[in-house]
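The values are calculated or read from the model by the stated rules, or taken from the named source; none is laboratory data. Just so we're clear, the structure is a prediction, and the values are computed from it rather than from any experiment. In this analysis, Cβ positions are derived from the backbone assuming ideal geometry, glycine residues included, and neighbour counts consider all displayed protein chains. What goes into the accessible areas is simple: the full protein's heavy atoms, side chains included, and nothing from ligands, DNA or RNA. Shrake-Rupley method; radii C 1.70, N 1.55, O 1.52, S 1.80 Å.
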Amino acid sequence: MSVLELRDVVVDYPRRHLPTVRAVAGVSLDVGAGEIVGLVGESGCGKSTLGRAAVGLIAPTAGEVRFEGRTLAPLGRGARDPRDRRLQMVFQDPTSSLNGRRRVGDQIRDGLLLAGDGDAGPARIGELLERVGLPARAASRYPHEFSGGQRQRICIARALAASPSVIVADEPISALDASAQAQIANLLSDLARDLGVGMLFISHDLAIVRHVADRVAVMYLGRVAETGPTEAVWSGPSHPYSRALIGAVLRADGSGGLPEALPGDVPDPADPPPGCRFQTRCPLVEDRCRAEEPPLVPLGTAADREVACWVAGAPAGTAGSLRPQ
């Protein structure tokens, strides 16, 4: 059963005297209890905007976000529905997510009080800190006394204080060094499995997403290009964009070669190309791709995979390279 449901979500950013930026152009996703869904794509594809819409920080221009069977009301000036506090977010930069003038324990206590937890004392706060790999005594210290990875653990403990059923993690490891990235990714994965928390894990790092996610959605210029079980997409990507992203992952295979980077940049979301949004960079582009936008449909007989591509399944070497036509 899905705990978080996004249905045809559209997010526009109007601009004075300039064309409107459509950052998200109709995305549908589900996150089940205890399931980790990875959302990947290049910078500028709209994945962080979608994450903010998923927790109500941005009001969708169209479409609907449902949480635990109810339509999620976007955050406004008034108090949030207490039930919506079970939908939490972990942001990219832990330093700006924490109040540098308040002790760590006080900030975690806020989450316990908002969740209506009858026990918001030092023992409960210490338990949450230990759950994320920090000592209970860390509650008496300030955020600046911790490393970046430790601060992100504090942010995760604060999110757990609200007893969430879903956590949206927006690039939670990109601001950390390599060793801390692996630790935080493993921590989030363990928490989802052990506590039954659904998670939307947003990242541009496909290697990390492969390690933690059950399912993956590949996003390009505001739309989902391909989705399916992580290992199935990784081992047999169908959309040319998915192939390019996976092909660009650095591998320690002893060949001494560098991966082939996808040429070009993501087009301006205020002026997307006609037809398929990837057609300006696709090595397999055909005339139909330039005229008609492909819908996201099941891939062959695979009920758990979908792809938005007119030439899906064409041999990866058809075009010979990743050079656009």
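Of all residues in segment 11-27, which are open to solvent by 20 Å² or more (accessible area, probe 1.4 Å), in contact with a Ser or Thr (Cβ under 7 Å, 6 or more places away or on another chain) and in contact (Cβ under 8 Å) with a residue 24 or more places away in the chain?
ASP12
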Tell me which residues, restricted to segment 36-73, are farther than 19 Å from HIS204 by Cβ and touching a residue at least 60 places away in the same chain (Cβ under 8 Å).
VAL55, VAL65, ARG66, PHE67, GLU68
Here are ASP30, ASP81: which of them is of a type in the set (Asp, Glu) and open to solvent by less than 50 Å² (accessible area, probe 1.4 Å)?
ASP30
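Condition check: modelled with pLDDT of 95 or more, surrounded by 20 or more Cβ atoms within 10 Å (Cβ to Cβ) and either assigned to a loop (DSSP other than H, G, I, E, B) or in contact with a helix residue (DSSP H, G or I) (Cβ under 8 Å, 6 or more places away or on another chain) (or both). Does LEU112 satisfy that?
no
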Give segment 66-100 a look and list any residue that's modelled with pLDDT of 90 or more and among the acidic types (Asp, Glu), or say none.
GLU68, ASP84, ASP93
Of GLY133, GLY76, which residue is part of a loop (DSSP other than H, G, I, E, B), under 18 Å from PRO172 (Cα atoms), open to solvent by 50 Å² or more (accessible area, probe 1.4 Å) and of a type in the set (Gly, Ala, Ser)?
GLY133
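To keep it simple, each residue is scored yes or no on (1) modelled with pLDDT under 95; (2) closer than 29 Å to ALA62 by Cβ; (3) open to solvent by less than 40 Å² (accessible area, probe 1.4 Å).
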| position | (1), (2), (3) |
| --- | --- |
| LEU200 | no, yes, yes |
| HIS204 | yes, yes, no |
| ILE208 | yes, no, yes |
| ALA213 | no, yes, yes |
| ALA225 | no, yes, yes |
| GLY247 | yes, no, yes |
With the condition kept exactly as written, say whether any residue in segment 295-317 is of a type in the set (Ser, Thr, Tyr) and at pLDDT below 90.
yes
Take the residues in segment 167-179 that are of a type in the set (A, V, I, L, M) and either buried (at least 18 other Cβ atoms within 10 Å of the Cβ) or touching a residue at least 60 places away in the same chain (Cβ under 8 Å) (or both), then tell me which one is nearest to VAL197 (Cα to Cα).
ILE167
Out of SER96, SER43, report the one residue that is out of contact with any strand residue (DSSP E or B) (no Cβ under 9 Å at 6 or more places or on another chain), open to solvent by 50 Å² or more (accessible area, probe 1.4 Å), among the small types (Gly, Ala, Ser) and part of a loop (DSSP other than H, G, I, E, B).
SER43
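Out of the residues in segment 146-173 that are small (Gly, Ala, Ser) and in a loop (DSSP other than H, G, I, E, B), state the one that is farthest from the chain's Cα centre (by Cα).
So the residue we want is SER147.
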Residues within segment 57-67 that are in a loop (DSSP other than H, G, I, E, B) and in contact with a helix residue (DSSP H, G or I) (Cβ under 7 Å, 6 or more places away or on another chain), tallied:
2
Which condition number does ARG290 fail, the rest of (1) at pLDDT below 95; (2) over 30 Å from ASP190 (Cα atoms); (3) of a type in the set (D, E, K, R) being met?
(1)
Residue set GLY38, GLY51; condition of a type outside the set (A, V, I, L, M), open to solvent by less than 50 Å² (accessible area, probe 1.4 Å) and touching a helix residue (DSSP H, G or I) at 6+ places or on another chain (Cβ under 6 Å); output residue GLY38
Select from segment 54-73 the residues that are buried (at least 16 other Cβ atoms within 10 Å of the Cβ) and not aliphatic (A, V, I, L, M) and write down the one among them that is nearest to the chain's Cα centre (by Cα).
GLY56
Kindly indicate whether ALA123 is open to solvent by 60 Å² or more (accessible area, probe 1.4 Å), within 20 Å of HIS211 (Cα to Cα) and free of Cβ contacts under 8 Å to residues at least 24 places away in the same chain.
no
